[in-house]
Amino acid sequence: MKFACSIHVRGVVQGVGFRPFIYRLAHEHGISGWVLNGEDGVAIHAEARETALQAFIDAIRTQAPPAASISAIEVQAAAANGAPGFTIRESERRDKPTVRISPDLPVCEACRRELFDPADRRHGYPYINCTNCGPRYSVILALPYDRPNTTMKPWPLDEYCDAEYHDPANRRFHAQPVACPWCGPHYLLKDASGMLSDNQAIQRTVQLLCEGHIVAIKGLGGYHLACDAQNATAVNALRERKYRKEKPFAVMVRDVEAARAIVELSSEAEALLISIGRPIVLAPAKADLPGVAPDNDDLGVMLPYTPVHHLLFAADAPDVLVMTSANRSSEPIAYDEKDAFERLAGVADAFLVGDRPIARRIEDSVARVGALGPVILRRSRGYAPGAVASLPVVRPLLAVGADLKNSITLVVDGQAFVSQHIGDLDHYQAFQAFQETIRDLAAMYDVNWDDLLVVHDAHPQYFSTTYALALPSAEKLAVQHHRAHVASVLAEHGEWDKCVLGVSCDGTGYGDDGSIWGGEFFAGSAREGFERVAHLRCASLPGGDAAAQHPVQAAAGFLAQIDGLPDVTAAPFNFTSRYQYALELVRKDVRSFTTTSIGRLFDSAAALLGFTRGITFEGQAAIWLEAQARKSVSTVAYSFPFEDGELDFRPLLLAVAEQRKRGLEPRDIARAFQRGVAQGLANGIRELCSKRELNTVVLSGGVFQNDLLLSDVRELLDAQRLTIWTNHAVPPNDGGISLGQAAMAAFLSDHRE
Ligand SMILES: [Zn+2]
Ligand SMILES: [Zn+2]
């Protein structure tokens, strides 16, 4: 006896090869009926014997294509119509394109096999892809996601590709970027001696890399600069030419085996490394690769993810390649040829260029397995512009984020799409990219500007704020920076009414009173808002933002309040004259701002422990301090008292200074400082949670990228049976701010559901 049912599959199930998958599965299980892309997912009508139907439904869940992510499968009985066979029906048309845009995907196993099969039509072809893999966001020019709306438009399909494209049983059925060597784009190598194409280009690139040259290689979302990571001369040349003094370079390794040879890879970290997002994974370094990540215990590794990468390794490229975004220090990644050639002249010795244009710049993502699970530190390729949360808001909403590590969030039909990492907006090119990304996503999702609610940071001088205020939309709303951090975690959890204690620790953010916040405790919920209930004792920030660049300058603002401090201009501290100058500013109250920033507290401790020079990348002094602390086995914790809603840093920093003066090892002092910070935070959390009868704690903000601190705090709170929530889908740093802004605005606006 035949049964019939209608099956509705929700989640990321469009543009990921789901219909051909269902088609093949139906044939395997002897199912008749049809499949189509529906309003909000894939709709299937299936008829078969009961056991076959059940096996078919089970297989949908267990065998789904790698890029799909099923959030729900609903099955309902239906009337059988006895139609024979199984077909893919035309999609239901809709007025608005709210279909999710899939992030870019790494080349799949099936394509990889064909890539290295001499008998295959696409043997050695760097643009091989199928519905299970390949570019998405980086080639889409507009929705709906059809070939003419992609950067593959200039390459019409030949007969062979066209047949595959239209064959429902084929892996390349409606694979928009499908191509072969006869009809598709190609790669070229350009260097001083001329131009080579295809296989010769790959061979020559490998030869250049082996000889210690630097090659710019076009990838999915921009150019990389590549060199042999084990060749110190090449690595140093890259640093010099790229004006990148100390910030670590990421490396691409041949395979997981090669990754294991250079970093300690836990099973969780390995799972992250091979996950579909293919991020750069930070893990403790095992091998010494001079110049790659100076003074850093971690190394960022990633696996090859485009066919070109696989071709390079197969042609015997070095096992470990530096693969860093092609730009000069802190500029956004170069992604079009003209720009790349201009900006990288004098940096790269040669260019491996692909014909297929890149629609928008997307950098590699960076992730790590932390004390509380996987953390994304930079969310970009492989993740963006995926939806990370559903917000209870009907109206479209644009949240423009913060000025550092900017990302934007666009909410359409309640789906929060978070953009790729854009960068620091004080750089002209990043600010351009910020505007492009807003225009781009708004156009893609057909946003009506008259109806759009625009959300920005409360800082009146942020570039993002000024830009937001000038937009033509009807309504604007400011959200305080640290509340946005806390709300970003609640948005990930979809918890709007739960009252939590939110602890937001970072470098800088504009506070309600106009001072610079960064060590804040809040009580409340996303729906009702957050009341600031405690904070770090106020210090000074002499010279404003410049203090973030110079740990001794930040230290002056804190140490000015401490009695009985040893002379820090003498040995072993040897603070530079900048300290005296900053101290003058504090004493005369000139260009000094009030701050509660825990980020600057870490900088002050780092200065006392020997980091007296300026930093060359954001967070450098705090990262250095954490690395010092990790080398120590000390169980001491310096006092960081929590009293009357205030964490007093004076005994904490005094202990650091005194112990250093006494000659205790800096690493042991660093450890005791970190334990002290953790204990102070935990004491505050405990007291406030018990006073307000709260049992859930939210930790967010850039300071919580410090995994040692996070694990110390967790250890201290575990005993209290408090639940801790942190960020997993968006970064805990300012890259997550736009999501938090959107979540807060969903409730602050009048147009809620
Ligand atoms: Zn594939
Ligand atoms: Zn073709």
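The values are calculated or read from the model by the stated rules, or taken from the named source; none is laboratory data. If you're wondering where the values come from, they're calculated on a predicted model, not measured in any experiment. In this analysis, Cβ positions are derived from the backbone assuming ideal geometry, glycine residues included, and neighbour counts consider all displayed protein chains. In case anyone asks, the SASA skips ligands and DNA or RNA and just uses the protein heavy atoms, side chains included. Shrake-Rupley method; radii C 1.70, N 1.55, O 1.52, S 1.80 Å.
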Query raised in the report: Label points 7 Å out from Cα along the Cβ direction at Ala719 and Gln200: separation in nm?
Result: 7.1 nm
Report task. Would you calculate, for the chain, the mean residue ellipticity at 222 nm contributed by helices, counting each DSSP H stretch of 4 or more residues as -39,500 (n - 2.57) and dividing by all residues, to the nearest 500? Result -> -9500 deg cm²/dmol
Requested in this report: Treat each spin label as a single point 7 Å out from the Cα along the C-beta direction, and report the Asp512 to Tyr428 distance in nm.
Outcome: 4.1 nm
Query - Alpha-carbon centroid distance for the pair the range 261-311 / the range 675-753, whole angstrom - result: 28 Å
Query - Segment Ala443-Asp644, extension gain: residue separation times 0.36 nm, minus the distance between their alpha carbons - result: 67.3 nm
Query raised in the report: the range 191-235 to the range 651-671: how many Å between their Cα centroids?
Result: 47 Å
Query raised in the report: When only Cα pairs under 8 Å and 6 or more residues apart are kept, what is the percent relative contact order across the chain?
Result: 11 percent
Query raised in the report: Quick one: length gained pulling Ala55 to Glu436 fully straight, 0.36 nm per residue minus the C-alpha distance?
Result: 132.5 nm
Query raised in the report: Taking the Cβ-Cβ separation of Cys210 and His123 as r and a Förster radius of 30 Å, what is the calculated FRET efficiency to the nearest 0.05?
Result: 0.80
Query raised in the report: Using a 1.4 angstrom probe and counting only protein chains, how large is the accessible area of Ser711 in Å², to 10?
Result: 30 Å²
Query raised in the report: Which of Lys247/Lys405; Lys286/Lys661; Lys242/Lys286 have a Cα-Cα distance over 23 Å?
Result: Lys286/Lys661; Lys242/Lys286
Query raised in the report: What whole number of Å gives the distance from the Cα centroid of the range 108-132 to the Cα centroid of the range 1-60?
Result: 28 Å
Requested in this report: Find the cysteines in the chain that fail to meet the 4.7 Å Cβ criterion with every other cysteine, and list them.
Outcome: Cys5, Cys111, Cys130, Cys161, Cys180, Cys183, Cys210, Cys227, Cys499, Cys505, Cys538, Cys689
Query raised in the report: Per residue, how many Å² of accessible area does the chain show with a 1.4 Å probe?
Result: 38 Å²
Query raised in the report: Please state the relative contact order of the range 265-355 as a whole percent: Cα pairs under 8 Å, 6+ residues apart?
Result: 17 percent
Requested in this report: Specify whether the C-alpha gyration tensor of the range 187-354 places it in the rounded, prolate or oblate class, a ≥ b ≥ c being the square roots of the eigenvalues: rounded for a/c under 1.5, otherwise prolate if a/b is larger than b/c and oblate if not.
Outcome: prolate
Report task. Express as a percent, rounded to the nearest 5, the fraction of DSSP beta bridges in the chain (both residues included) that run antiparallel. Result -> 75 percent
Query raised in the report: If only Cα atoms are counted, what is the Rg of the chain, and what is its Dmax, in Å?
Result: 27.2, 91
Report task. Please list 182-194, 225-237, 658-670 highest first by mean number of surrounding beta-carbon atoms within 10 Å per residue. Result -> 225-237, 658-670, 182-194
Query raised in the report: Given the Cα-Cα distance of Asn683 and Gln561 and 0.36 nm per residue of separation, how much length would full extension add, in nm?
Result: 41.6 nm
Requested in this report: Hey, can you grab everything whose amide H is under 5 Å from the amide H of Ser365? Only 5+ residues off in sequence or another chain; H modelled, so Pro and N-termini drop out.
Outcome: Ile280, Ser380, Arg381
Report summary line: Quick tally, 1.4 Å probe accessible area for Arg360, Arg630, sorted with the most first, runs Arg630, Arg360
Query raised in the report: Of Trp725, Trp517, which has the most accessible area with a 1.4 Å probe, and how do the rest follow in descending order?
Result: Trp725, Trp517
Query raised in the report: By average Cβ neighbour count within 10 Å, what is the ranking of 586-592, 551-557, 364-370 from highest down?
Result: 551-557, 364-370, 586-592
Query raised in the report: Taking Cα pairs under 8 Å and at least six residues apart, what relative contact order does the range 510-584 come out at, in percent?
Result: 21 percent
